[in-house]
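Worksheet for the structure shown next.
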Amino acid sequence: MLTDSLGPRLSGSPSYDKAAPWAVERFRQWRLANRHLEPFKLGRAWTLEKLTTEMTAPRYMPLLAYADAWSPSTSGVVTGTPVYVGDSTAEQIEALGSRLSHAIVLTARPQTEYLTRDRPEPSQGDSPVRTGNPPFPGPSSGKPQRELLARLQKYGAGVALAPSATLHGTVRVQGSPLSAADAVPSLTVAAEQYNMLVCLVKAGEPVELRIQVVSRSNHDRLDSDNVIAEIAGTDPSLKDEVALVGAHLDSWHTATGATDNADAVSAAMEAMRILTALHARPRRTIRVALWGGEEQGLIGSRS
């Protein structure tokens with residue numbers, strides 16, 4: 001249900017807003033107490049409605065690319081020879097000026113550093129395992145990406161492309177609900193194909209791309225929701241103590257979010273279902289929290 005039927009559950013998206021009530025309804029069927037949605041501030045909702053990314057010259061090739069979350073739409077279909085600024089200084093970018101207007105821009109150098117290993121599992125070895133994601137190599141360019149994108153916005157660039165730092169056609173895509181509504185539309189491209197585009201442009205080949213991003217934002221709803229339910233404690237002196245089990249219900253928008261984090265959501269929900277099926281009467285309250293906004297900085301769990 002979470003991965004196939006509901007699919008990607010980007011925080012605040014229509015899919016997430018279907019997943020949260022679905023979980024509440026399951027808890028209702030299992031007769032958990034105090035089941036409800038608990039809102040927290042996230043930012044504008046966003047969903048991707050259409051994406052086309054193609055190379056049309058010197059030959060046709062569909063490109064593996066995804067819109068960054070909260071990217072604005074392009075102004076219709078953007079076509080043309082991409083402009084490479086990965087090695088450019090601020091002065092060189094300024095000198096391009098009007099050439100950047102409505103242009104497709106390759107914002108980074110070819111990707112040469114990749115994320116190839118995950119962090120160790122906690123059960124491996126005797127040393128403590130560091131929590132959090134492993135260090136992630138970002139795109140490299142002559143100017144920091146944030147400053148570069150601001151200059152591209154100044155000159156009305158059509159769309160900005162950057163490489164993923166993962167191999168073999170895997171594309172790792174993120175984004176921020178704090179992105180400006182008038183920011184340059186942005187895509188992350190599979191590293192192998194991005195590197196090819198840079199090589200072709202630098203060699204003077206007649207490269208032509210065709211890109212369209214259609215996204216939709218909802219500025220009226222700035223909240224998202226955590227899902228809460230519990231099995232009430234029965235001991236008068238201990239029932240206000242809480243054993244908390246949780247997982248994050250949200251995922252990124254480019255995959256179905258199976259291992260990040262539908263598997264843990266399923267485990268947490270099943271643990272609560274088993275306890276209610278056994279008519280457990282714990283002395284302390286057992287509470288389950290399925291939170292959102294994890295991928296945007298632990299927003300729901302902090303709330």
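Details
- Out of 59, 28, 44, 35, sole residue that is among the charged types (D, E, K, R) and closer than 16 Å to residue 249 by Cα: 35
- Residues in region 253-303 that are assigned to a loop (DSSP other than H, G, I, E, B), over 18 Å from residue 7 (Cα atoms) and either touching a residue at least 40 places away in the same chain (Cβ under 8 Å) or assigned by TED's automatic domain parsing to the domain that holds residue 175 (or both): 280, 281, 282, 283, 284, 303.
Yes or no, residue by residue, for (1) among the charged types (D, E, K, R); (2) within 30 Å of residue 81 (Cα to Cα):
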position: 210; (1), (2): yes, yes
position: 213; (1), (2): no, yes
position: 233; (1), (2): no, no
position: 243; (1), (2): no, no
position: 250; (1), (2): yes, no
position: 266; (1), (2): no, no
position: 282; (1), (2): no, no
position: 289; (1), (2): no, no
position: 300; (1), (2): no, no
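- Check on residue 217, hydroxyl-bearing (Ser, Thr, Tyr), in a loop (DSSP other than H, G, I, E, B) and surrounded by 17 or more Cβ atoms within 10 Å (Cβ to Cβ): no
- Within region 1-48, the set of residues being of a type in the set (Lys, Arg) and touching a residue at least 40 places away in the same chain (Cβ under 8 Å) comprises 9, 26, 31, 35, 41, 44.
- Qualifying residue in region 183-197 (condition: at pLDDT 95 or above, of a type in the set (Val, Ile, Thr), not assigned by TED's automatic domain parsing to the domain that holds residue 21 and not in a loop (DSSP other than H, G, I, E, B)): yes
- Positions within region 94-141 being of a type in the set (D, E, K, R), more than 20 Å from the chain's Cα centre (by Cα), within 25 Å of residue 259 (Cα to Cα) and surrounded by 11 or more Cβ atoms within 10 Å (Cβ to Cβ), in sequence order: 113
- Unmet requirement for residue 5, which otherwise passes all of (1) within 23 Å of residue 180 (Cα to Cα); (2) surrounded by fewer than 13 Cβ atoms within 10 Å (Cβ to Cβ); (3) small (Gly, Ala, Ser): (1)
- Condition met for residue 46 (aromatic (Phe, Trp, Tyr) and more than 28 Å from residue 141 (Cβ to Cβ)): no
- Set 250, 225, 235, 240: member being touching a residue at least 40 places away in the same chain (Cβ under 8 Å), acidic (Asp, Glu) and within 16 Å of residue 36 (Cα to Cα): 225
- Some residue of region 115-125 being closer than 22 Å to residue 193 by Cα and either touching a Phe, Trp or Tyr at 6+ places or on another chain (Cβ under 6 Å) or hydrophobic (A, V, I, L, M, F, W, C) (or both): yes
The values are calculated or read from the model by the stated rules, or taken from the named source; none is laboratory data. For clarity, every value in this text was computed on a predicted model and none was experimentally measured. Positions of Cβ are backbone-derived with ideal geometry, glycine not excepted, and every protein chain shown enters the neighbour counts.
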